[in-house]
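Read the structure below first, then the notes.
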Amino acid sequence: MSTPISPIRTRFAPSPTGYLHLGGLRTALYTYLFAKKHGGAFILRIEDTDQEREVPGAVDLIYQSMRAAGLHYDEGPDVGGAYGPYIQTQRRHLYPEYAWKLVELGGAYPCFCTKERLDAARAEAEKQGETYKYDKRCLSIPLGEAKARIAAGEPYVIRQNVPLTGTASFDDVLYGHVEVPCDTLDDAVLIKADGLPTYNFANVVDDHLMAITHVMRGTEYLSSAPKYNLLYASFGWVPPTYVHLPVVMKDASRKLSKRYGDPSFEDLLAMGYLRDAVINFIALLGWSPGSEREFFTLRELEQVFDVAGLNKSPSIFDMNKLTWFNAEYMRKLPFDAYYGLALPWLESALGKDRFDLRRLTELLQGRTEVLNRLPGMVDFLAAMPDYDTALYTHKKMKTDPQVALAAIDLALPVLVAQEHWREQPLHDALMAAIAASGMKNGQVLWPVRIAITGRESTPGGAIEMAYLLGKTETLARLESAKRRLQAQQ
Ligand code: GLU
């Protein structure tokens, strides 16, 4: 797409049907980035005309998620703007006005068909194995008669009048020219019996009235976009530039979906994924910067985002890759920021005062994949877990239960004698004893660490773990391990 002429106006138009799912977040992100890249405006519009699908509280959740994601919108329901209101139900008076304009222009007509008649026609089409299409019966009602029936209180909808012949088309930035024969298109309802518009109509009217220049949305709307273009043509409006975005898949065969337990953006944040990591990862789900570079802040993405890097094929949401990204972001955080994030998780597992949590946090930062995994990485400090004495056998460390017993016998008196329970003196004393014994470092440190943690992998080595546990607990655990090993010999 050539560099657009200012002013660019894009919108994210979610329906308040629940949490912001990750496909929606990606659409919001790309839409935001496109606006920022070109110095344009990014607008949030709430599409709530399908009231049956609305979930209470979902609108507030959308605001929260957008804020949590750092996607600041220039105009929107809770920030205002010159093209408001930005909630469709608050614009409800506008749509019938435009629908009637369309009726006058021949692009739409009122329809009085009852649900019974339509259901019967649909059932009949199904029986014949045909795709149901409204038969335009009400198109033949003279407008004056239709208006009189409406004035008399008869329920009605307004339908789009799709031509019987010819084609409808539009050009998508990603998918190119999309063209469909008009006789395959149904005369969709534009205004429902309750007076509210359907998506089919509201998206066109609002994108026009809000002066939207570029629409990014999911490919589920790709096939109906030609029909929307007929509406633009009837009104004599210029349609926006469309970029339909491929779906985000869970795997080769299934869409990412909250219904199947796939996490929402809020879920990821609650699990302890970092906002910046999620945004970075989501940005690369279907878009490539055209280089091998993988790490981008939101500000950097605002500079480098280019629709030319969008990929037409569906992308797969790889949770392991996200976790890898998150670990990298954790590592790069300034220590105090990481400490602030990790602390509540550590306190939940270990309490506030029992351990030197600052030291523990230093040890954990380079190993943290997701914050919610921290309690499981440190719970052995609070209580000695059960463990298999097979852990004492380690080929590379040249240890087995017998060596372990010798190692504990070597370490115990050194530790008992230790007055300053800090890492450096502990280290110096233990290393001196090991050197004097002729054993190898690993032959002592491996078994001691197993004996006091019961874990093959811990946030630090034997000395750090002993320091954190404190003298009394370390000695008690070593004594207990010794008894167990003796009983096994
Ligand atoms: N309200 C629609 C949805 O949530 C938005 C589609 C669009 O962006 O036009 O899917």
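A few points about this structure:
- Among (1) within 22 Å of A35 (Cα to Cα); (2) surrounded by 22 or more Cβ atoms within 10 Å (Cβ to Cβ); (3) more than 12 Å from the ligand (Cβ to nearest atom), the one test that P239 misses: (2)
- Q418 meets the stated requirement of being in contact with a Lys or Arg (Cβ under 8 Å, 6 or more places away or on another chain) and at negative phi.
- Within region 322-363, the set of residues being touching a helix residue (DSSP H, G or I) at 6+ places or on another chain (Cβ under 7 Å) and farther than 25 Å from A466 by Cβ comprises L322, F325, N326, Y329, M330, R331, L341.
- Where helices (runs of 4 or more DSSP H) fall wholly inside region 233-311, the ranges with 3 or more residues that are of a type outside the set (A, V, I, L, M, F, W, C) are 275-283, 298-304.
- Hits in region 218-232 - residues which are within 10 Å of the ligand (Cβ to nearest atom), in a helix (DSSP H, G or I) and surrounded by fewer than 22 Cβ atoms within 10 Å (Cβ to Cβ): E220, Y221
- Residue within region 75-92 that is of a type in the set (K, R) and crowded, with 16+ Cβ neighbours inside 10 Å present: yes
- Single condition L426 does not satisfy, out of (1) within 25 Å of E362 (Cβ to Cβ); (2) surrounded by fewer than 16 Cβ atoms within 10 Å (Cβ to Cβ); (3) in contact (Cβ under 8 Å) with a residue 12 or more places away in the chain: (2)
- L185 more than 13 Å from the ligand (Cβ to nearest atom), among the aliphatic types (A, V, I, L, M) and either over 20 Å from T131 (Cβ atoms) or in contact with a Cys (Cβ under 9 Å, 6 or more places away or on another chain) (or both): no
- Tally, over region 196-208, of residues that are more than 10 Å from the ligand (Cβ to nearest atom) and either crowded, with 22+ Cβ neighbours inside 10 Å or over 21 Å from L245 (Cα atoms) (or both): 5
- Counting only strands (runs of 3 or more DSSP E) that sit wholly inside region 125-184, those with at least 1 residues that are hydroxyl-bearing (S, T, Y) and under 27 Å from T219 (Cβ atoms) are 167-172.
- Against the conditions (1) of a type in the set (A, V, I, L, M, F, W, C); (2) away from the ligand (no atom under 16 Å from the Cβ); (3) within 32 Å of the chain's Cα centre (by Cα), A120 satisfies every one except (3).
- Complete set of residues in region 138-176 that are closer than 24 Å to P226 by Cβ and basic (K, R): R159
- Members of region 346-385 that are among the acidic types (D, E), under 18 Å from T453 (Cα atoms) and in a loop (DSSP other than H, G, I, E, B): D356
- Against the conditions (1) in contact with a Lys or Arg (Cβ under 8 Å, 6 or more places away or on another chain); (2) outside any loop (DSSP other than H, G, I, E, B), D187 satisfies every one except (2).
- Scanning region 449-474 for residues that are part of a helix (DSSP H, G or I) and more than 19 Å from Q424 (Cα to Cα) returns I450, A451, T453.
- Qualifying residue in region 209-217 (condition: in contact with a Leu (Cβ under 9 Å, 6 or more places away or on another chain) and within 13 Å of the ligand (Cβ to nearest atom)): yes
- Contact annotation: residue pairs with Cβ atoms under 6 Å, 6 or more positions apart or on different chains, pairing a residue in region 209-228 that is within 18 Å of L190 (Cβ to Cβ) and of a type outside the set (A, V, I, L, M) with a partner that is away from the ligand (no atom under 13 Å from the Cβ) and not in a strand (DSSP E or B), are K227/L185.
Any read-out appearing in this document is the output of simple, stated calculations on the displayed coordinates, not a laboratory observation. What you see is a predicted model, and the numbers here were worked out from it, not measured in a lab. Cβ: placed from backbone, ideal geometry, glycine included. Neighbour counts: every protein chain shown.
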